[in-house]
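The values are calculated or read from the model by the stated rules, or taken from the named source; none is laboratory data. What you are looking at is a predicted structure, and each value in this text was computed from that prediction instead of being measured. Positions of Cβ are backbone-derived with ideal geometry, glycine not excepted, and every protein chain shown enters the neighbour counts.
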Amino acid sequence: MTHEEDRQGGGGAGAHAIDRLQAWLDGEVPPAEAERLLAHCAGCAACGRALAEAERLLGALDRDAAALNEERAGQPSLWPAVRARTTASAHRRLGPWMALTASTAAAAGLLIGVLLGPREGAWGSVGQASAEFSDDWSDVGSLVADGSISTLDRIYLEEAEEGGEAP
Amino acid sequence: MALTARGDEEALRLLVERWQTPVLRFLERMLGEREEARDLAQETFVRLYRAAPRYRPRERFRSWLFRIAGNLARGRLRRRKVLRWVPFDPFRHDPADGAGRADERLEREASRAAVRDALGGLPERQREAILLRRYGGLSYREIAETLGTTLPGVESLIQRGMEGLRRELSRRGVEP
């Protein structure tokens, strides 16, 4: 049965074959329908041509996507920049007073940890936890030192202009 | 995502490492500009981190991620004031493959440039649907969630978009 006959007959896979070609190639039609489409395209010149064209076009898109991957392979990860911004964002959420309180607590914890020295037990854990906390702040300190915070301020101002968070 | 929502840095690092390439591919073809795509990809992950506490596990992660990326891309396009594609500039991009012969590479690049420009000429939603499918690897259901439309709506967007691409390439005399 040809495409036109199928169309005029108003039934079978052919009536909508061209309309569903793309979904079929994308693996988005049920298996039974895929079989009907395949059988139709084998016997219908118009749908066979449309299928070949669609496959070529998908091939071109996939080659472009693959080439982008190759180009991407030589580029640095986004992670360091994302990490710097999310660390600074956590700092910003604390606010200046909380930051001062947290810094004071960290310093006090560190002092206790040093005074207690290598002894095991709950106070030793406090000392260790405080040291880890102060490491986090040294990250923020390095951002301030290298001027990243002022750059972030600009970014946040731009965000505020753009509107709310998504989604 | 649950770990990221609790501020687990390692969980966020894994998400960035796993998803940065498809997000970059999608944004580069949405915007037509590599550096801008990199900026917005970075911004996508920062916003993902901030929005993580609001993430519902029932929602598909890819839909969530690409919705953020898509919103940012559309915002940037609006900010440009001109909803036009930035034409491909070979001097702004590195060659994909240095191993092939020069003429073959040029031909391949010309074909890619034609595809890119044809994509850029599509209506925005058709382009976004095609890019989410071919460059982001999303299913039709995920695209429907990302774009806030139905499954038949996605199928129609992609079908019409591909038809538009085919017509445009044919008009340019380019065989894909």
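Of the candidates A:32, A:46, the single residue that is more than 10 Å from chain B (Cβ to nearest Cβ), surrounded by 14 or more Cβ atoms within 10 Å (Cβ to Cβ) and among the aliphatic types (A, V, I, L, M) is A:46. Please verify whether residue B:9 is acidic (Asp, Glu) and at pLDDT 90 or above, treating the condition exactly as stated. Criteria not met by residue B:9. Summed over region B:152-176, the residues that are surrounded by fewer than 17 Cβ atoms within 10 Å (Cβ to Cβ) and part of a loop (DSSP other than H, G, I, E, B) give a count of 4. Filtering region B:13-25 to residues that are in contact (Cβ under 8 Å) with a residue 12 or more places away in the chain, hydrophobic (A, V, I, L, M, F, W, C) and surrounded by fewer than 23 Cβ atoms within 10 Å (Cβ to Cβ) leaves B:15, B:19.
Criterion applied to B:35, B:10 was being in contact with a Lys or Arg (Cβ under 9 Å, 6 or more places away or on another chain), assigned to a helix (DSSP H, G or I) and surrounded by fewer than 23 Cβ atoms within 10 Å (Cβ to Cβ), and the one residue passing it is B:35.
Going by the conditions given, is residue B:105 more than 10 Å from chain A (Cβ to nearest Cβ), over 15 Å from the mean Cα position of the chain (by Cα) and modelled with pLDDT under 90? Yes; evaluated as a whole, the condition is true for this residue. Considered as a group, the residues in region A:65-79 that are within 7 Å of chain B (Cβ to nearest Cβ) and not in a helix (DSSP H, G or I) include one that is nearest to residue B:105 (Cα to Cα), and that residue is A:77. The set of residues in region B:10-25 being within 11 Å of the chain's Cα centre (by Cα) and either more than 11 Å from chain A (Cβ to nearest Cβ) or among the hydrophobic types (A, V, I, L, M, F, W, C) (or both) consists of B:23, B:24.
Can you tell me which residues in region B:133-151 are part of a loop (DSSP other than H, G, I, E, B), within 20 Å of residue A:30 (Cα to Cα) and either touching a residue at least 12 places away in the same chain (Cβ under 8 Å) or at the interface with another protein chain (Cβ under 9 Å from one of its Cβ atoms) (or both)? Scanning region B:133-151 gives B:137, B:138, B:139.
Of the set (1) farther than 20 Å from residue B:145 by Cα; (2) under 14 Å from the mean Cα position of the chain (by Cα); (3) facing another protein chain (nearest Cβ under 10 Å); (4) in contact (Cβ under 8 Å) with a residue 12 or more places away in the chain, all apply to residue B:28 but (4). Of all residues in region B:100-126, those that are over 15 Å from residue B:168 (Cβ atoms) have Cβ atoms under 8 Å from Cβ atoms of residues that are surrounded by fewer than 17 Cβ atoms within 10 Å (Cβ to Cβ) and acidic (Asp, Glu), 6 or more apart or on another chain, in B:105/B:97; B:108/B:97.
Just one of the listed residues (B:65, B:72) is more than 9 Å from every other protein chain (Cβ to nearest Cβ) and of a type in the set (A, V, I, L, M), namely B:65.
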